[in-house]
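First the structure, in the form of structure tokens, and then the observations on it.
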Amino acid sequence: MAFLKTIQIVLVVIAVGVQSGESRRSRLPPNLCYSEIGLMYETFSTRFQHPLVDATGQKCYKTISKRRLNTMYTKSVMDEAFANASAEVCPDWSNSKKCLFRHLESRCNSTQVERFQEDSLFNYGLTMAQLLCDPPENFNFLTFVKEGAVEDGFGACTGTSDANRELAACMSKSMNGKDFTSVSFQETVRGIHQCYIPLIKSCSQGNTTKEVHLLGLSNQLEQARLASYDAVWDQFKVPASPLLDLQNLLK
């Protein structure tokens, strides 16, 4: 099931050029929206996740851990891995989203909210959890993963080391010199799936039936990711505090 892991790899590879700062995290001030310091991406965009705490200072936003994701990509333990990830994340996923929304409403101005909504690494983690816990209608994440993991399937075309390098190069070219942090999640997802097309065509080796099937799987995953993104962010109805916007202007 390497094709989903490929997306994570590509995002991290592209982000390497914009990473800076220290690996150790200093104590963050209260009421921080997110850290302006670009730290190493250990999982997803941790500088956005780290400040997401409840009134007692305890972390209240939880997505699928890197360890869980790695086992979900392993064909031999796929059923068990999905069950464990679901048990770990899904019972509190609704509360995790509420935690995120409370944070945005109370600590972030409208410009900062937009950064949360556009960050590719943060929203990769968010949509993975949404796909697992509350997927779009007619989309079963585990079933899709199993279909992609079959021999000579989608994963075999897009999840190899060579495919990862080609995909990363294609994505870098498609950004036309843009800073990675300025490319929105939706733009990144669409770009990745556009870059899948030549990989699939090459892998299909003239087999039209196979090519059409794999392109269909790619489109299905793209639409599911974008639908999951919309499903979460459409729930966020309250705009950022006008006072916080005023404070931002006065900085």
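Mind checking which residues of the range 68-86 are in a helix (DSSP H, G or I) and more than 17 Å from residue 127 (Cα to Cα)? Let's see the steps before the verdict.
Initially, the range 68-86 is screened for residues in a helix (DSSP H, G or I), giving 68-72, 75-86.
Selection gives 71, 75, 76, 77, 78, 79, 80, 81, 83, 84.
Inside the range 156-185, can you point out the residues that are assigned to a loop (DSSP other than H, G, I, E, B) and at pLDDT below 85?
Of the range 156-185, the ones assigned to a loop (DSSP other than H, G, I, E, B) are 159-160, 175-179, 183-184.
Of everything in the range 156-185, those that are assigned to a loop (DSSP other than H, G, I, E, B) and at pLDDT below 85 turn out to be 159, 160, 175, 176, 177, 178, 179, 183.
For the condition within 16 Å of the chain's Cα centre (by Cα), among the polar types (S, T, N, Q), closer than 29 Å to residue 85 by Cα and surrounded by 18 or more Cβ atoms within 10 Å (Cβ to Cβ), what is the one hit in 188, 158?
188
Every residue in the range 100-155 that is outside any helix (DSSP H, G or I) and either hydrophobic (A, V, I, L, M, F, W, C) or over 20 Å from the mean Cα position of the chain (by Cα) (or both), please.
As a first pass, look at the range 100-155 and keep what is outside any helix (DSSP H, G or I): 108-109, 119, 134-140, 149-153.
Result: 108, 109, 138, 139, 149, 150, 151, 152, 153.
The values are calculated or read from the model by the stated rules, or taken from the named source; none is laboratory data. Bear in mind that the values here come from a model prediction, so they are computed numbers and not experimental data. Positions of Cβ are backbone-derived with ideal geometry, glycine not excepted, and every protein chain shown enters the neighbour counts.
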